[in-house]
1. Enumerate by residue number the trypsin sites (Lys or Arg not before Pro) in segment 143-209 meeting two conditions: DSSP loop (anything except H, G, I, E, B), and at most 16 other Cβ atoms within 10 Å of the site's Cβ.
2. Sum up the charges of everything whose Cβ sits under 14 Å from the Cβ of residue 136, counting Lys and Arg as +1 and Asp and Glu as -1, but leave residue 136 out.
3. Name the shape class, rounded, prolate or oblate, that the alpha-carbon gyration tensor gives for segment 134-188, where a ≥ b ≥ c are the square roots of its eigenvalues, rounded holds for a/c under 1.5, and otherwise prolate holds if a/b is larger than b/c and oblate otherwise.
4. Given springs between every Cα pair under 10 Å in a Gaussian network model of the chain, which of 110, 34, 75 has the largest fluctuation?
5. Within the chain, which complete DSSP H helices have Cα atoms spanning at least 20 Å along the helix axis and a mean Kyte-Doolittle hydropathy of -1.0 or higher?
6. List nothing, just return the count: lysine pairs in the chain, 8 or more apart or interchain, with Cα separation under 16 Å.
7. Could you tell me which of rounded, prolate or oblate describes segment 52-192, using a ≥ b ≥ c as the square roots of the eigenvalues of the alpha-carbon gyration tensor, with rounded for a/c under 1.5 and, failing that, prolate when a/b is larger than b/c and oblate otherwise?
8. State, as an integer percentage, the relative contact order of segment 52-192 based on alpha-carbon contacts under 8 Å between residues 6 or more apart.
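Coordinate-derived values only; no laboratory data. Since the model is a prediction, treat every value here as computed from it, not as a measurement. Here the Cβ positions follow ideal geometry from the backbone for every residue, glycine too, while neighbour counts run over all protein chains shown.
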Amino acid sequence: MNLDPGIVCYQHCEGRLFGFSLPPTCHLCGADLSVEPLITPPFRVPYPFVRASQAPCTIVIKPSRGDFLHDYRSSNDLHIGVTDSEGCVFEYDSEGLHSDYTSSWKQSLSVPIITDSANHLDPVWQEYWNFSLHTLAQNPSWSTERYSETSFNCYSFVLEFLKTLGPPGVNVKTLTKTSLCAELLVPHTAAAARYISLYRRLLSHKVVSVTKSS
Ligand SMILES: [Zn+2]
């Protein structure tokens, strides 16, 4: 099942328009769009979310409850995990460390930590990523008993993973939940928030216009 709602962007006159489809007339000037040329032909706005299974060797995030498009409110309420090279999500929660809920990560944001120019992970890094992840996941620290929603949680596992991995360009020695969010996650959540806001406005207004001043 494809979860992309298919938002299209196009422009006839003054500003860019967004909708789930191209309407018969221009929302701004009323022109008949079946005969009038468009300044910008309709194109699909890129859907920012992925199935975690399609995002191997990345950090993945999703709302703690519900999904991004309908339930996401703020970055304070995100659940985080790590995928291995098969796209299997390793996550730590009140049930302990597990990797059997990958199918529930169907609308998640993928944060690549190591990429090369082709956006593919080098095989040596991939092997090291898997080794680090699988070894850490077997550590008995990640138990149901030790789990604490505020102090020993999904972020603790991901931080420990990154410290073990030591990816280039990330200062793991000083990495905290706050710096992880600010440096690595917020660029992705901020872009997704714009898409979410547009989607929600389109649920109540069939057409959303964005002019240069707005
Ligand atoms: Zn127009």
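1. Filter output for segment 143-209: 146, 206.
2. Every neighbour counted, the sum reads -2.
3. On the way: a/c = 2.53, a/b = 1.43, b/c = 1.76.
Note, shape of segment 134-188 comes out oblate.
4. For the chain, modelled as a Gaussian network with Cα springs under 10 Å, the answer is 34.
5. Sorted by number, the helices that extend far enough and score high enough are 123-137, 186-204.
6. Lysine pairs meeting the criterion: 4.
7. rounded
8. 26 percent
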